Every structure is written in C-alpha cells, then in structure tokens.
Amino acid sequence: MHVRTVIVSAAAMLLAACTAAESPQTQANELAERLPTGWTTDVVEDEQAGTYVVAAPETSAVWHVGGTTDEVRAATEGTSWATFWLSAIEGATSESSNVRTTVADPSSVPDSVVSWHVNVNAQDAALELRNLDELEESVVERFEAQDLEVVDSGIAGWAGREVVTVSFEVPAEVFAGEDRLVRQWFIPERNPDVMWSFTCDAPDGPHATDELCRTGLEGFRTAPDGPDPVN
C-alpha cells in the first residue's frame, strides 16, 4: 500500500484545513497501514472543499473535479457505468459540482464497475437539523421524493463517530440497463458548516459488495475544522 498527494485546481470559494493534531498525511499513512493489500490512499488538496483523504484499489481509475476523465474512460469503456457516469463528471466544474472525487473500480465485480464518490455541499438544508435522527429522516424523504426505493437507513459508526447511512436501489431503466444498489453515508461537519457524503455505487446484490464498499468508506476522511467559507 502507498500514499499519494493529488492537487485539485479550483476557485477558492470554500477553504478548509485539517486539525493541527492530525494532518491529512498522517491520516493517510495510518489508513494505508490498516487497509487490505492492493489499496492505496490519496491526500487530495482541493482549494474549494479542503484537504481530504480517499482510498482506492490499485487497479481502479480516479477522477478529481477539474481534471481529465481519460483514465476513468479507458478503465470503464463499454460498461453501463460509463454510459451513466461519464457524461455527469465530464460536465462537472469545481464551481458547480458537489462531486469532488470519483473512484471507478472495474476489477472487483466481473463485467461491472463499483465506484466511490466524495461529495461536498455547503448549502445543504439538512445542516440546520438538530440531530442524526432528523438528518436520517430528511435524506430518506429526499430520495423517496425522487422515486428511489430506499431499502435501508440508519446510524452507522465511522472514524470514531456516528453518521447517517442510506441505501437505495436504482432500476435498470435509469442506469443504462443495469440494476444498481447505492449506499451513501452523510457526514455533517462544522467550522465551516458543510455536508460531506461518501457514496458507493455498485451492482445490485448487497452481499457481493458490502465489504468492498465499507473498505472504501474506512479509507475516507473529511477535511473538518477549516476557516469559515469565503466569497
């Protein structure tokens, strides 16, 4: 396992920094020691979202907002995943997109792609809610309003704290002919108030990818305790 540093060029709308007690590089090093063989950790320095840590299998392709999709396109060519996702991330800009990083893994599940997405939203109304129970109710209602079938939700442990998790099914007619199961973890942070979320998008069949999705989550760390947003 190894650690890389990735610089993401972006307009400085939201600056964030890690706590002095534990830098992103320290977090990445510690996570790399705990992840399975064949995984790497990246320190992503995003001028808009802050500096965060993301993990990926060595055989995966990684895209960061503002960067080229060539690597991801080559790794996922001809898949339903590419049909659905490539157009979305190719049109993403640092100023307009809350998707900051996408990891596409074409090797772990035969004839399909599992992906992880780091999302950041400074304008999420759920940040005003008082507790995780209200946050869970809010995001479940949000997905159901989109006619998505929520199959599970609750409070989950992550990085020594509790976060909200929701799983929902995406039917084949929506996802280019393939039934998908999406697991999403919602992570509200303060200073500044920002809603992070970590998404694992996988072929339907939860038992086949539960461990894989959880490994991706365990290798992710947000960028909390930064300065207030600046315009």
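The values are calculated or read from the model by the stated rules, or taken from the named source; none is laboratory data. Keep in mind that what you see is a predicted model, and the values were worked out from it rather than measured. Every residue, glycine among them, receives a Cβ derived from its backbone with ideal geometry; neighbour counts consider all protein chains shown. When the accessible area is computed, the model is the full protein with side chains, heavy atoms only, and any ligands, DNA or RNA have been set aside. Shrake-Rupley method; radii C 1.70, N 1.55, O 1.52, S 1.80 Å.
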Output for segment 119-150, where each listed residue is out of contact with any helix residue (DSSP H, G or I) (no Cβ under 8 Å at 6 or more places or on another chain) and assigned to a strand (DSSP E or B): Asn119, Val120, Asn121, Glu149
Residue by residue through segment 68-83, note down the ones that are buried (at least 19 other Cβ atoms within 10 Å of the Cβ) and either part of a helix (DSSP H, G or I) or not β-branched (Val, Ile, Thr) (or both). Val72, Ala75, Thr76, Ser80, Trp81, Ala82
Can you find, within segment 84-98, the residue that is farthest from Val118 (Cα to Cα) among those that are open to solvent by 30 Å² or more (accessible area, probe 1.4 Å) and of a type in the set (S, T, N, Q)? Ser87
Look through segment 189-207, keep the residues that are open to solvent by 30 Å² or more (accessible area, probe 1.4 Å) and closer than 20 Å to Val150 by Cβ, and return whichever of them is farthest from the chain's Cα centre (by Cα). His207
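Can you tell me which residues in segment 134-148 are more than 14 Å from Trp185 (Cβ to Cβ) and open to solvent by less than 100 Å² (accessible area, probe 1.4 Å)?
Taking segment 134-148 as the starting set, the residues that turn out to be more than 14 Å from Trp185 (Cβ to Cβ) are 134, 137-138, 141-142, 144-148.
Passing the criteria: Glu134, Ser138, Arg142, Ala145, Leu148.
This table checks each residue for (1) under 16 Å from the mean Cα position of the chain (by Cα); (2) modelled with pLDDT under 95; (3) closer than 27 Å to Gln48 by Cβ.
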| residue | (1), (2), (3) |
| --- | --- |
| His117 | yes, no, yes |
| Gln123 | no, yes, yes |
| Arg142 | no, yes, yes |
| Asp147 | no, yes, no |
| Val163 | yes, no, yes |
Given the conditions (1) touching a residue at least 60 places away in the same chain (Cβ under 8 Å); (2) surrounded by 24 or more Cβ atoms within 10 Å (Cβ to Cβ); (3) of a type in the set (A, V, I, L, M, F, W, C), every one holds for Trp63 apart from (1)
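So that you can scan it fast, the table gives a plain yes or no per residue for (1) open to solvent by 10 Å² or more (accessible area, probe 1.4 Å); (2) acidic (Asp, Glu); (3) without any contact (Cβ under 8 Å) to a residue 60 or more places away in the chain:
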site	(1), (2), (3)
Ala156	yes, no, yes
Ala159	yes, no, no
Ser167	yes, no, yes
Glu211	yes, yes, yes
Phe220	no, no, no
Ala223	no, no, no
Starting from segment 135-153, keep only residues that are over 17 Å from Phe175 (Cα atoms), then list their pairs with residues that are of a type in the set (Ser, Thr, Tyr) whose Cβ atoms are within a distance under 8 Å, requiring at least 6 positions of separation or different chains. Glu136/Ser153; Val139/Ser153; Val140/Ser153; Val151/Ser167; Asp152/Thr165; Asp152/Ser167; Ser153/Thr165; Ser153/Ser167
Which listed residue is open to solvent by less than 40 Å² (accessible area, probe 1.4 Å) and more than 29 Å from Pro171 (Cα to Cα), from Val53, Val113: Val53
